[in-house]
Amino acid sequence: MADSPEYDLVVIGGGPAGYAGAIRAGQLGKKVACVEAERAGGTCLNWGCIPTKALLKSAELYQKIKKGEVYGLSAKEISFDIEKVMGRSRTVAGQMAKGVEFLFKKNKVDYIVGRAQVSAPGMVSVTEGEQKGKFLRTKNILIATGCKMRRIPGLDYDGERVMTSREALASTKLPKSVVIVGAGAIGVEFAYFYNALGAKVTLVEMLPQILPVEDDDVSKLLHRSFEKQGIAVHVGTKCENFRVGKKSVKLDLVAGDKKTELEAEVLLSAIGVTPNLEGALAPNLRLELDRNFLKVGDDYQTSVKGIYAAGDIIGPPWLAHVATYEAVNAVNGMFGYSKPKRVKVFPGCTYCHPQVASIGLTEKAAKEKKLDYNVGKFPFTASGKAVAAAESEGFVKVITDATTGEIYGAHIIGSEATELIAEYGLAIELEATVEEVHHAIHAHPTLSEAVMEAAAASMGQAIHI
C-alpha cells in the first residue's frame, strides 16, 4: 500500500455526476481519478438519456414522413429497419462516451474501468476490473454511483418478455404489442416510440395521471394526445397477477373494483429507480442514509468527513443535468473555489411527441402553498410558426406572483418544449419578472413567441389571443 498513488479526489462512478465532478477537479489543477464500472458516461450516455433520444428522433421522423401530405409532400412505401434504428442509437451512445473519455485525457483525469469501494476515509480500493486489488489514497472521495431501475418483485427480467429500459435499448426486435408499467418520463417516452413504429401499446399508471410530477393541464392534454395516437392509457390502475409465458405476458389491470386481463408480447417496467450502492462501501463503513439514499449536507459531504456524494445516489430529482450541477458544486466547495449550492429550481423534460417541459411550481403546488398567483396561458394554435410547421398542439403556461410578477413556474407541452423551457429557467435564475419576459422582444415568427405571449397573458396583455 506504500506505493499507492495519492490523489486530491477519487470519484466512484462515471455518469453525469461522476465525470463532471472529475473533469471540474481536473480543471482546478487537482490530481483526480474516476472509476467507472462499465463505460464513461454512465447510464445517461450509454443506456438512458442519449440513446433514447436517438430512438425517439427516428420515431418522430418516421411519423412525419408518413404524414408528408400535411406539408404537400408525397412519399410511398415508407418503412424502417428496426435493427438499424437500434444500431444508430448505440452508435450515438458510443460516440458520446468517447467524448467523455477524451475530456478525461484533456483534463488529466486517470480513468479506471472497474468497480470501486470506499474502504475507509481517504482510501478507495478497486474491486473489479483490470486494476482489481489496487488501492487509491486520496484526500477526498466523491460517490456518484447513481441508481438502477427498480424491478417488479417476482419477475424474471429476461430481456425478451420482461424488460426495463436497459434491456429495451439492447433489443433489436420490435414487439407487436407491449404493456408499459409506469407512466413517468421513461414509460411515456417508450410508449411514444413503440406506438410510432406500429406496436400496440398499453400504458398503465397507478397514480391519477400520466407524468404525475407535471402540471395537471399538461398531463391531461398528453393523455388525450396519446389516445388520439392510438395508445391505450390507464390511470389510477394497478397491475397484478403477472404470468409470463413463452410467447406473451398476461396480467390483471385493477382499477377500483374493476379487474381486466391484459395480454401483450412484452412487458416494459418503468416504475422508478433504486440507489446503486451495492459494494460501494466497506462493510464497516457506515454513512448516514435517507430512504436508502446517501444523506449529504449543504456542501454535499456525507456523515463522514472527506466523503462526498452527488447525483442520483443522494435522492430525487433523478435527472442528469441536476446530477452534473450537484457534482460541480460539490467539487467547487471541497476545494474552496466557491460556496456550493444545492439544487432548488430545475427543468424537467420528457421527449415524447408532443414534448413536455417544466420548471418550478405547478398550479396545484401554488394552490397548496396558498399563494396569490396569476396564470398566463398561450396555445400553440395561435402561434404562426407552430401552425406553419403543422405543430400547433399544446400550450405554454406560466404561474406568477399576482402582485410582483415573480415567476413561480412554467409548463410547456408542444413542439420543442424541451428547448423553450430554458428561457424561463434563465428568467428564474436572474429573478426576472414575467413583465420583463414579456418586454423582451422575441423574433417573429418563432415558437419562442409563445413564451412571451404566455407571460403577457398572465397580466391580461397577450396580443394574439
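Observations on the structure shown:
- When residues of the stretch 370-420 are limited to those that are part of a loop (DSSP other than H, G, I, E, B) and out of contact with any strand residue (DSSP E or B) (no Cβ under 9 Å at 6 or more places or on another chain), the one surrounded by the most Cβ atoms within 10 Å (Cβ to Cβ): 389
- Residue in the stretch 337-357 that is modelled with pLDDT of 95 or more, buried (at least 23 other Cβ atoms within 10 Å of the Cβ), among the β-branched types (Val, Ile, Thr) and not in a loop (DSSP other than H, G, I, E, B) present: yes
- Flag for residue 431 being in a helix (DSSP H, G or I) and either surrounded by fewer than 20 Cβ atoms within 10 Å (Cβ to Cβ) or aromatic (Phe, Trp, Tyr) (or both): no
- Flag if residue 424 is in a strand (DSSP E or B), in contact (Cβ under 8 Å) with a residue 24 or more places away in the chain and under 26 Å from the mean Cα position of the chain (by Cα): no
- Single match in 203, 207 (criterion: within 21 Å of the chain's Cα centre (by Cα), closer than 22 Å to residue 347 by Cβ and not polar (S, T, N, Q)): 207
- Taking the listed residues 100, 70, 109, the one that is among the aliphatic types (A, V, I, L, M) and in contact with a strand residue (DSSP E or B) (Cβ under 6 Å, 6 or more places away or on another chain) is 109, with no other qualifying.
- Residues (touching a Pro at 6+ places or on another chain (Cβ under 9 Å) and surrounded by fewer than 16 Cβ atoms within 10 Å (Cβ to Cβ)) located in the stretch 217-248: 236
- Near pairs, Cβ below 6 angstrom, 6+ apart or cross-chain, from the stretch 160-176 (free of Cβ contacts under 8 Å to residues at least 12 places away in the same chain) to any residue that is surrounded by fewer than 21 Cβ atoms within 10 Å (Cβ to Cβ) and outside any helix (DSSP H, G or I): 167/159
- When residue 43 is tested against (1) at pLDDT below 95; (2) part of a loop (DSSP other than H, G, I, E, B); (3) at negative phi, exactly one condition is not met: (2).
- Filtered residue count, the stretch 200-236, keeping only those that are part of a loop (DSSP other than H, G, I, E, B) and either at pLDDT below 95 or among the hydrophobic types (A, V, I, L, M, F, W, C) (or both): 7
- Selection of first residues in the stretch 275-287 that are modelled with pLDDT of 95 or more and of second residues that are in a loop (DSSP other than H, G, I, E, B) and buried (at least 18 other Cβ atoms within 10 Å of the Cβ), restricted to Cβ pairs under 6 Å at least 6 apart or on distinct chains, gives the following pairs, ordered by first then second residue: 276/145; 276/146; 280/145; 287/302.
- Any hit, the stretch 139-146, residues being surrounded by fewer than 22 Cβ atoms within 10 Å (Cβ to Cβ) and assigned by TED's automatic domain parsing to the domain that holds residue 16: yes
- Test: residue in the stretch 327-334 that is in contact with a strand residue (DSSP E or B) (Cβ under 8 Å, 6 or more places away or on another chain), in a loop (DSSP other than H, G, I, E, B) and not basic (Lys, Arg): no
- Condition check for residue 325: of a type in the set (Phe, Trp, Tyr) and more than 15 Å from residue 145 (Cα to Cα): yes
- Scanning the stretch 422-441 turns up no residue that is closer than 30 Å to residue 73 by Cβ and modelled with pLDDT of 95 or more.
The values are calculated or read from the model by the stated rules, or taken from the named source; none is laboratory data. As the structure is a computational prediction, the values presented were derived from the model and not from experiment. A quick note on method: Cβ atoms are made from the backbone with ideal geometry, for glycine too, and the neighbour counts reach across all protein chains shown.
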